[in-house]
Amino acid sequence: MLGFLEWSKYKEDKEYKYYRKRKRGSQKYSVIGITRVRNEELILPDTFDHVSKYVDAIVALDDHSTDRTLSIIKNNKNVIKMIVHKEWKKNRTSEETAHRQLLYHAVKEYNPDWIFYFDADERFEISKRELLSIPEKIDGIKVRLFDAYMTPDDQKDFIKGDCLYNFRKNFGPEYRDILMFFRNRDYIQFIGDDSREPKGCKCVITDFYCQHYGKAISYVQWEETCNYYANHFPEPYKTKWTQRKGKAIHDLSDFGKPLLSWDDAKLRGIQLK
């Protein structure tokens, strides 16, 4: 990503500021990653290093972080645009969808072939060569996501400088197929409440794998996650995550199933309904 100069502010409204890096010349982007983050300074450098293996550039939205997250975004060489959310709203179900739609619109000026939505606590097994060879008629790709868990013999906290990919030994057998890659087409949009996936894709396949560390970075992070969903989401999230407080260390998955190695989880996974 050579030739980038300083950040410049190009738009501002009541809730958001938009910035982009001025650059020399033009570049064709095949895949651009988009992400919304809040207070992720611990894992975000590793996230950007990891995802940059699969994308040509990144567009990020900072959701009113109070730590060094915004500085990390600004100083990452692969981030070409950022959106700064200046407020914090308690109702996260509508906010998170709105942020993903903002990112989706923000990336369109670069006209990528593919857009890849990722979260900071996800690590992937992806073939970029395979991605770029997928036929034009395919306009969406679901990625198979498994939860990592802390266990009695594997509960070391993630610390700065660690690599999160394969950080844990144990994964739940349960998986969700989540639409993470989608073509740059106007009929695809993020709409509704609490929409992780965009709507409108006409021809979708399932490929690639994701290790999700939302439950497995540290004991403190587990408690923060429980509080986040208990305090800012409606039922059934509120009750489910309230009941999970103090239960970061697992012998079984949250769904009562024996934990598996990563390779076994991919082979023997059970789809969540």
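Every number in this text was worked out from the coordinates using simple rules, so none of it is lab data. On a predicted model such as this, the values are computed, not experimentally measured, just so you know. Note that each Cβ is placed from the backbone with ideal geometry, even for glycine, and that neighbours are counted across all protein chains shown.
Structure data summary
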| item | result |
| --- | --- |
| Chymotrypsin sites (Phe, Trp or Tyr not before Pro) restricted to DSSP loop in the stretch 209-273 with at most 16 other C-beta within 10 Å | PHE255 |
| Kirkwood Rh, angstrom, the stretch 40-102 [1 / mean 1/r, Cα pairs] | 12.5 |
| Computed Kirkwood radius, in angstrom, where 1/r is averaged over Cα pairs of the chain | 19.4 |
| 32 Å Cα-Cα threshold exceeded, pairs from LYS89/LYS266; LYS202/LYS245; LYS81/LYS142; LYS11/LYS53; LYS89/LYS199; LYS21/LYS128 | LYS89/LYS266; LYS202/LYS245 |
| Computed [θ] at 222 nm, deg cm²/dmol, the chain (DSSP H ≥ 4; -39,500 (n - 2.57); rounded to nearest 500) | -6500 deg cm²/dmol |
| Net charge dipole size for the chain [Lys, Arg +1 and Asp, Glu -1 on Cβ; Debye, nearest 20] | 780 |
| Shape box of the stretch 145-196 [Cα atoms, principal axes, largest first, Å] | 47, 27, 19 |
| log₁₀ of I(q)/I(0) at q = 0.16, 0.28, 0.30 Å⁻¹ - the stretch 227-273, Debye sum with one point per alpha carbon | -0.60, -0.99, -1.04 |
| Under 10 Å, Cβ to Cβ, from ALA106 - net charge with Lys/Arg +1 and Asp/Glu -1 | +3 |
| Extreme residue, positive dipole direction of the chain, given options ALA98, ILE159, VAL51 (C-beta unit charges) | ALA98 |
| Length-normalised contact order of the chain in % [C-alpha pairs under 8 Å, at least 6 apart] | 19 |
